[in-house]
Amino acid sequence: AQSVTQLGSHVSVSEGALVLLRCNYSSSVPPYLFWYVQYPNQGLQLLLKYTTGATLVKGINGFEAEFKKSETSFHLTKPSAHMSDAAEYFCAVSPSGGSYIPTFGRGTSLIVHP
Amino acid sequence: DAGVIQSPRHEVTEMGQEVTLRCKPISGHDYLFWYRQTMMRGLELLIYFNNNVPIDDSGMPEDRFSAKMPNASFSTLKIQPSEPRDSAVYFCASSSRDRGTEAFFGQGTRLTVV
């Protein structure tokens, strides 16, 4: 069984400030981890993913995330927020073995103030 | 590749009518997922197919919902009869068997049942 918890349904930051979106997961097998972004009236698109290897992964638009096994976390960060980053962000986990079904978190809405 | 294609983008129908949502997955992908997104429940997995075979439909809310995948390039989600509580955005996503490959989402169908 696997699950994803995203802390905070809304996160508000000022333009230029650090963005930190939290994601914790549970998985009975080593996980594959994903962050997706959803802009209004659009589908989800991949920001970045962790499968194996380096635990710090870089994605599009300056985002990165670090897989911390001991903390079962995969938090998403960006050093400096831009107005165009305002969107809904979803963390997802997929098992590396067995049934390949991604499980999504409830999402975090990122609000960027000028 | 054009990505996952869903039609229609918007559908407004009267309660009791039949609704059919359509999806064309990315060529070569062997997994297809149908999701429903609402404010109250977030992103819910309704059903998924592997190699055109329905594997798990435990997320389908009621017998009014049915899904088919007659071939590798086409799937439908049907609601009959539709009810106002079915109003949501329905997403189709596809993926390949390679572990760690992310799901690619369509733009979604926004369904409104009045």
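Would you confirm whether any residue within the stretch A:29-37 is within 25 Å of residue B:38 (Cα to Cα), more than 9 Å from chain B (Cβ to nearest Cβ) and touching a helix residue (DSSP H, G or I) at 6+ places or on another chain (Cβ under 7 Å)? The answer is no, given that none of the residues of the stretch A:29-37 is within 25 Å of residue B:38 (Cα to Cα), more than 9 Å from chain B (Cβ to nearest Cβ) and touching a helix residue (DSSP H, G or I) at 6+ places or on another chain (Cβ under 7 Å). Candidates in the stretch B:1-30 are the residues that are among the aliphatic types (A, V, I, L, M) and modelled with pLDDT of 95 or more; of these, the one that is farthest from residue B:69 (Cα to Cα) is B:15. Listed conditions (1) assigned to a loop (DSSP other than H, G, I, E, B); (2) in contact (Cβ under 8 Å) with a residue 40 or more places away in the chain; (3) within 10 Å of chain B (Cβ to nearest Cβ) are all met by residue A:90, apart from (1).
For the stretch B:39-55, the count of residues that are hydroxyl-bearing (Ser, Thr, Tyr), within 14 Å of another protein chain (Cβ to nearest Cβ) and surrounded by 14 or more Cβ atoms within 10 Å (Cβ to Cβ) is nonzero. Is it the case that some residue within the stretch A:3-25 is at the interface with chain B (Cβ under 10 Å from one of its Cβ atoms), closer than 25 Å to residue B:90 by Cβ and within 11 Å of the chain's Cα centre (by Cα)? Yes, the stretch A:3-25 has at least one match. Test residue A:109 against the criterion of being surrounded by 12 or more Cβ atoms within 10 Å (Cβ to Cβ), within 14 Å of chain B (Cβ to nearest Cβ) and modelled with pLDDT of 95 or more, and give yes or no. Yes: the conditions hold for residue A:109. Selection of the stretch A:1-56 for residues being among the aliphatic types (A, V, I, L, M), crowded, with 20+ Cβ neighbours inside 10 Å and in contact with a His (Cβ under 9 Å, 6 or more places away or on another chain) yields only A:21. In the set A:100, A:89, only one residue is over 14 Å from the mean Cα position of the chain (by Cα), under 28 Å from residue B:30 (Cβ atoms) and of a type in the set (Phe, Trp, Tyr); that residue is A:100.
On the basis of being within 19 Å of residue A:94 (Cβ to Cβ), among the hydrophobic types (A, V, I, L, M, F, W, C) and within 12 Å of chain A (Cβ to nearest Cβ), does residue B:89 make the cut? It is false that residue B:89 is within 19 Å of residue A:94 (Cβ to Cβ), among the hydrophobic types (A, V, I, L, M, F, W, C) and within 12 Å of chain A (Cβ to nearest Cβ). Of the strands (runs of 3 or more DSSP E) lying entirely inside the stretch A:21-65, those carrying at least 1 residues that are farther than 20 Å from residue A:85 by Cα and at pLDDT 95 or above are A:56-58.
The values are calculated or read from the model by the stated rules, or taken from the named source; none is laboratory data. Everything numeric here is computed off the predicted structure, so don't read it as measured data. Note that we place each Cβ from the backbone using ideal geometry, even for glycine, and neighbour counts take in every protein chain shown.
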